[in-house]
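This report refers to the structure that appears directly beneath it.
The values are calculated or read from the model by the stated rules, or taken from the named source; none is laboratory data. A quick note: this is a predicted structure, and the numbers were derived from the prediction, not measured. We place every Cβ from the backbone using ideal geometry, glycine too, and count neighbours over all the protein chains shown. Accessible surface areas use protein heavy atoms only, side chains included; no ligands, DNA or RNA. Shrake-Rupley method; radii C 1.70, N 1.55, O 1.52, S 1.80 Å.
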Amino acid sequence: MRTWISTGLAAALAVLVCAGCSSPAPERPVPAPTGPELSGSTPATSPSPPPGSGLRLPSVSAITPSAPAGTPSTVPPPPTAPTAAITDFADPVAVTRAWMTQWCASDYRQPRNNNVERATVFATTAGKTADLQAGDSEASHRAVVEQKLSTRCDRIVVELIPEAPRGEGQVYVRATATRTLLAADVALQTEPVLTTRSVLRQPDGRWLVDVHVEAG
């Protein structure tokens, strides 16, 4: 049977080289939840606009962004401001989708680790702290600004992980997206994004996205 352990976020751009990124948080055990099972939420898809990294731009020509299958695609728009009022906090899948929409997009014109800050409304304190530790340093953010690097995301899909432990107060979700990489607002290419998260029910009944986890 799989055990689930938490790590810091590791989200690096595939065609860009990270310079000065923070190290992931140390691994620690994630206790298996107890209690009756939560009924599974329907996997949800939401086209919508990943965190920045200290990056060195490769020597490549701009190309038309494309979906994984190679179908031409437009560049996704940046995410709108997070709005808790329209999010169903009683559904861990809906909350994770709203969180992913904010966390998955970065822009060199925004403050350092702004994607993590935007996603705060949908995250636990521990989840936010881990993501900030794994995010940009001051030096890497300067490189992002100098090179005018941005990322946009769409094709966001969130689902409960069937084989993971599930309880009244904790579930595990898998969130995926297609990320478009840009330099000076010119699309370079796309890549898949995947993060697996623990989602915790708070005392007030809201579900919030917690730390990144890995199956081992």
Problem set entry | Selection from the stretch 182-214 of residues that are aliphatic (A, V, I, L, M), open to solvent by less than 50 Å² (accessible area, probe 1.4 Å) and over 11 Å from the mean Cα position of the chain (by Cα) | Leu182, Ala183, Ala187, Leu188, Val199, Leu200, Leu208, Val213
Seminar exercise, completed: Only one of (1) in a loop (DSSP other than H, G, I, E, B); (2) in contact with an Asp or Glu (Cβ under 8 Å, 6 or more places away or on another chain); (3) modelled with pLDDT of 95 or more does not apply to Gly205, and that is (2)
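Tell me the residue from Arg174, Arg179, Arg142 that is in a strand (DSSP E or B) and open to solvent by 50 Å² or more (accessible area, probe 1.4 Å), please.
Just a single option satisfies the conditions, and that option is Arg174.
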Exercise. Condition test on Gln110, is it within 14 Å of the chain's Cα centre (by Cα) and at pLDDT 90 or above?
Worked result: no
Seminar exercise, completed: Quick count over the stretch 152-171, residues being more than 15 Å from the chain's Cα centre (by Cα) and open to solvent by 40 Å² or more (accessible area, probe 1.4 Å), is 4
